[in-house]
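The values are calculated or read from the model by the stated rules, or taken from the named source; none is laboratory data. Quick caveat, the model's predicted, so the values are computed rather than measured. Cβ sites come from the backbone with ideal geometry, for glycine too, and all protein chains shown count toward neighbours. The area values use the complete protein model at the heavy-atom level, side chains included, leaving out ligands, DNA and RNA. Shrake-Rupley method; radii C 1.70, N 1.55, O 1.52, S 1.80 Å.
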Amino acid sequence: MTPRGVLIAFEGLDQSGKQTQAEALRDHVMAQGLTCELLSFPDYGTAIGIEISRALHGERHYAPDTMQLLYVANRYEKRESIQALLDAGTVIVCDRYIASSVAYGEAQDLDPAWLTDIQRYLPRPDLTIVLDIAPETAVARKASGRDRYERDLALLSRVRESYRRQSRQDGWLLLNGERPKADVAADVLTAVAPLLARP
């Protein structure tokens, strides 16, 4: 029998270390002889992803609910391929996934239950890891080239609160992302090890 794949999602504010930790985890998984795919959302290589990029850089103007529908649709574009990878026993590591729309949408007064419900047909993560940093840290780590979300400290504070609220669910792990990368990576590997070991 082909083992069922594993889906691990990294969440958090921009500059929280999601890409760094996702890439490190991918490399670790592959070193164990397992098949691993790293995905990043938004996927700017699709038609919907291009539209999202234009909106983030001020070329389009959408209401918050429309913007989150674009983000969700961008994930649904990949739904079949994600499911096929999981069915084949692949470990998938995501840099942002379902929780991002809940966090950023809730921070803009959208209903988190609605944001969760419209994503119910997406493959569910086996583990969601939130890398928690202060909004001020996010800004300090990226001094220029910030998009419209990254420039709004009050919004980022509400996003952080949403991530923290969501992280109280089963299947979630909240990590202090202010620490050295190696310390964060060690905690990630400890949390992921049981998922990689299961049949």
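If the condition is being over 16 Å from the mean Cα position of the chain (by Cα), among the charged types (D, E, K, R) and in a helix (DSSP H, G or I), then region 76-117 contributes Glu80, Asp87, Asp117.
Evaluation of Asp43 against the conditions (1) open to solvent by 60 Å² or more (accessible area, probe 1.4 Å); (2) acidic (Asp, Glu); (3) within 16 Å of the chain's Cα centre (by Cα) shows that the sole unmet condition is (1).
For every residue, the table says whether it meets (1) in contact (Cβ under 8 Å) with a residue 60 or more places away in the chain; (2) among the hydrophobic types (A, V, I, L, M, F, W, C).
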{"site": "Tyr62", "(1), (2)": "no, no"}
{"site": "Asp65", "(1), (2)": "no, no"}
{"site": "Leu70", "(1), (2)": "no, yes"}
{"site": "Val93", "(1), (2)": "yes, yes"}
{"site": "Val102", "(1), (2)": "yes, yes"}
{"site": "Ala107", "(1), (2)": "no, yes"}
{"site": "Ala134", "(1), (2)": "no, yes"}
{"site": "Ala138", "(1), (2)": "yes, yes"}
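Do we find a residue being farther than 18 Å from Asp152 by Cβ, under 16 Å from the mean Cα position of the chain (by Cα) and open to solvent by 70 Å² or more (accessible area, probe 1.4 Å) anywhere in region 6-21? Yes, region 6-21 contains at least one residue that is farther than 18 Å from Asp152 by Cβ, under 16 Å from the mean Cα position of the chain (by Cα) and open to solvent by 70 Å² or more (accessible area, probe 1.4 Å).
Going through region 1-46 one residue at a time, which ones are touching a strand residue (DSSP E or B) at 6+ places or on another chain (Cβ under 8 Å) and basic (Lys, Arg)? Matches in region 1-46: Lys18, Arg26.
When you look at Ile8, is it part of a strand (DSSP E or B), closer than 21 Å to Ala182 by Cβ and of a type in the set (Val, Ile, Thr), yes or no? So Ile8 passes the test. For region 29-40, the tally of residues that are open to solvent by 60 Å² or more (accessible area, probe 1.4 Å) and part of a helix (DSSP H, G or I) stands at 2.
Does at least one position in region 67-85 carry a residue that is open to solvent by 40 Å² or more (accessible area, probe 1.4 Å), over 19 Å from Ser101 (Cβ atoms) and in contact with a Lys or Arg (Cβ under 7 Å, 6 or more places away or on another chain)? Among the residues of region 67-85, not one is open to solvent by 40 Å² or more (accessible area, probe 1.4 Å), over 19 Å from Ser101 (Cβ atoms) and in contact with a Lys or Arg (Cβ under 7 Å, 6 or more places away or on another chain), which makes the answer no. Looking only at region 60-72, decide whether some residue is part of a helix (DSSP H, G or I), in contact with a strand residue (DSSP E or B) (Cβ under 7 Å, 6 or more places away or on another chain) and closer than 22 Å to Gly171 by Cα. No, the conditions are met nowhere in region 60-72. Only one entry in Arg179, Arg151 is surrounded by 12 or more Cβ atoms within 10 Å (Cβ to Cβ) and either part of a loop (DSSP other than H, G, I, E, B) or at pLDDT below 95 (or both), namely Arg179. Regarding Gly49, is this residue within 30 Å of Ala134 (Cβ to Cβ) and part of a helix (DSSP H, G or I)? Criteria met by Gly49.
The residue pairs whose first member lies in region 170-199 and is more than 17 Å from Arg4 (Cβ to Cβ) and in contact (Cβ under 8 Å) with a residue 40 or more places away in the chain, whose second member is open to solvent by 70 Å² or more (accessible area, probe 1.4 Å) and basic (Lys, Arg), and whose beta carbons are closer than 9 Å, counting only pairs six or more residues apart or on different chains, are Leu174/Arg164; Leu174/Arg168. In the set Arg165, Arg124, Arg160, only one residue is open to solvent by 40 Å² or more (accessible area, probe 1.4 Å), of a type outside the set (Phe, Trp, Tyr), modelled with pLDDT of 95 or more and assigned to a loop (DSSP other than H, G, I, E, B); that residue is Arg124. Which condition breaks for Cys94 when tested against (1) surrounded by fewer than 20 Cβ atoms within 10 Å (Cβ to Cβ); (2) modelled with pLDDT of 95 or more? For Cys94, the failing item is (1).
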